[in-house]
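Remarks on the structure that follows.
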Ligand code: MN
């Protein structure tokens, strides 16, 4: 049935800025703690008489995100009050930016990759606001934790520009990567740092999707907290709306807000457009507007580091990695940073990528370890790679060493000694053995001269005496030299 329809999806993505020291309007620490209410100042609890002070760093990070998204930055920055009552918002309003005066970013476009296809996201705006506290509900009571109250939050709003759940999720993954690479946020969904609202509508296949007149009724799904949830919620909603169409009930459907229920795997009705809340926005009187100077913008622009897309291009063009390997490495910034360090320590790029994408990432997945906690440092990996290139161990042995290093958390050189796999690359040691082997088989040297293949036998004897540790190419060379001499 899907083939008879087109889908239109818009996203609102909230992402906490985790990389400032303090909150957006107070001097409380911006951090995560398992202990409730430890990172709080009177302002975060809405005490009368407290006044907000704008965190310059948070504004700079917001402007940085705005630039990366190709948005226009405003001449002045204002904040506004969004008025509502909820226990997690003790002062009864949230300080945010509405589009009327000017958010930190207005209208931009971002190219992103979705399964090899280049797509364009249309950014309506990006704005800076404060996060609310978080509440936990128990059977007879609820608790509120104000640690999160006032954490800087970026809200990004797109136009309805995505046509499938895959495209929407690919965009969200691109944004997560941008936030991480730009040093704005860890963007960790497991820590609740990203929350999404999704709006979905369908229309007939044969109509012009760029004409808003043809758009169907928009259904908004609130507070989806994982990318998997976004995918499932969109797919569920598309199916639900198509069913309404096919049953002739679609035209009765009102514009509405629903929520994604992870337990039942369905969206559940919350409210319709007629119950929409009027937030009575007005300019926040306690924060004077302030000018965004060109020189300030320039210095922020200069601070934008190399992003995933640029690293990926570098890996493919300069290091000759396959697109697949480059994609795997840049996907998580800590992994790409690890790789960059290996290269800076002299690791051969292609070889390093092989180690990383095969054994190391496999080990991290299997043991659910963060690369930051990996025992094998970039330096140790380079040491191991050098042992192979210097002929100390064979490449086959290096794998065995690697597995042991990961398993036992001992340094590669220690493991090499313990396993006794160190190659013999000492000329004299090998030559002594070769001379002995040749002395014992003068007849076979004769056979060799007559063109019979007895060479492999000599190599085999040397390997037998050294228990396979003789450097093979050096052994071959010395046998040749010693036969020549006779
Ligand atoms: Mn918001």
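Quick notes
- Of all the residues in segment 390-413, those that are modelled with pLDDT of 90 or more and in a helix (DSSP H, G or I) number 12.
- Taking the listed residues 136, 166, 131, the one that is modelled with pLDDT under 95 and in contact with a strand residue (DSSP E or B) (Cβ under 8 Å, 6 or more places away or on another chain) is 136, with no other qualifying.
- Residues satisfying the stated conditions in segment 139-167, i.e. outside any loop (DSSP other than H, G, I, E, B) and within 16 Å of the ligand (Cβ to nearest atom): 148, 152, 153, 154, 155, 156, 157, 158
- For segment 168-184, the count of residues that are assigned to a strand (DSSP E or B) and either buried (at least 20 other Cβ atoms within 10 Å of the Cβ) or within 16 Å of the ligand (Cβ to nearest atom) (or both) is zero.
- Condition check for residue 212 on (1) exposed (fewer than 15 other Cβ atoms within 10 Å of the Cβ); (2) without any contact (Cβ under 8 Å) to a residue 40 or more places away in the chain; (3) touching a helix residue (DSSP H, G or I) at 6+ places or on another chain (Cβ under 7 Å); (4) closer than 26 Å to residue 117 by Cβ: one failure, at (3).
- Looking across segment 183-198, the residues that are within 20 Å of residue 55 (Cα to Cα) and touching a helix residue (DSSP H, G or I) at 6+ places or on another chain (Cβ under 6 Å) come down to 184, 185, 187.
- Flag if residue 119 is touching a helix residue (DSSP H, G or I) at 6+ places or on another chain (Cβ under 6 Å), away from the ligand (no atom under 16 Å from the Cβ) and in a strand (DSSP E or B): yes
- The condition (being touching a helix residue (DSSP H, G or I) at 6+ places or on another chain (Cβ under 9 Å), in the same structural domain as residue 408 (by TED's automatic domain parsing), over 24 Å from residue 172 (Cα atoms) and part of a helix (DSSP H, G or I)) is satisfied by just one residue among 342, 328: 342.
- Residue that is farthest from residue 479 (Cα to Cα) [pool: residues in segment 428-459 that are outside any helix (DSSP H, G or I) and within 58 Å of the chain's Cα centre (by Cα)]: 453
- Just one of the listed residues (136, 206) is assigned by TED's automatic domain parsing to the domain that holds residue 278 and not in a loop (DSSP other than H, G, I, E, B), namely 136.
- Of all residues making up segment 67-87, the number that are outside any strand (DSSP E or B), within 16 Å of the ligand (Cβ to nearest atom) and surrounded by 21 or more Cβ atoms within 10 Å (Cβ to Cβ): 1
- Test: residue in segment 12-23 that is out of contact with any helix residue (DSSP H, G or I) (no Cβ under 6 Å at 6 or more places or on another chain) and within 21 Å of residue 288 (Cβ to Cβ): yes
- Residue that is farthest from residue 420 (Cα to Cα), among those in segment 460-474 that are touching a strand residue (DSSP E or B) at 6+ places or on another chain (Cβ under 9 Å) and not in a loop (DSSP other than H, G, I, E, B): 474
- Residue check for residue 126: more than 16 Å from residue 18 (Cα to Cα), crowded, with 24+ Cβ neighbours inside 10 Å and in contact with a strand residue (DSSP E or B) (Cβ under 6 Å, 6 or more places away or on another chain): yes
- Pairs where the first residue, in segment 302-330, is in contact (Cβ under 8 Å) with a residue 24 or more places away in the chain and the second is in a loop (DSSP other than H, G, I, E, B), C-beta under 6 Å, 6+ apart: 315/321
- Filter pass, residue 43 being away from the ligand (no atom under 16 Å from the Cβ) and either under 29 Å from residue 307 (Cα atoms) or crowded, with 17+ Cβ neighbours inside 10 Å (or both): yes
- When each of 93, 78, 86 is tested for being modelled with pLDDT under 90 and assigned by TED's automatic domain parsing to the domain that holds residue 40, the lone residue that passes is 86.
- Being closer than 15 Å to residue 52 by Cβ and away from the ligand (no atom under 16 Å from the Cβ) is a property that holds for residue 90.
- Extreme residue, farthest from residue 162 (Cα to Cα), among residues of segment 222-265 that are in contact with a helix residue (DSSP H, G or I) (Cβ under 6 Å, 6 or more places away or on another chain) and assigned to a strand (DSSP E or B): 260
- Residues that are free of Cβ contacts under 8 Å to residues at least 40 places away in the same chain and in the same structural domain as residue 102 (by TED's automatic domain parsing) do occur in segment 279-292.
- Residues considered: 59, 38, 24. Of these, the only one that is buried (at least 18 other Cβ atoms within 10 Å of the Cβ) and assigned to a loop (DSSP other than H, G, I, E, B) is 24.
- Evaluation of residue 50 against (1) part of a loop (DSSP other than H, G, I, E, B); (2) touching a helix residue (DSSP H, G or I) at 6+ places or on another chain (Cβ under 7 Å); (3) more than 16 Å from the ligand (Cβ to nearest atom); (4) within 28 Å of residue 303 (Cα to Cα) (one fails), failing number: (4)
The values are calculated or read from the model by the stated rules, or taken from the named source; none is laboratory data. Quick caveat, the model's predicted, so the values are computed rather than measured. So basically every Cβ, Gly included, is an ideal-geometry build from the backbone, and we count neighbours across all protein chains shown.
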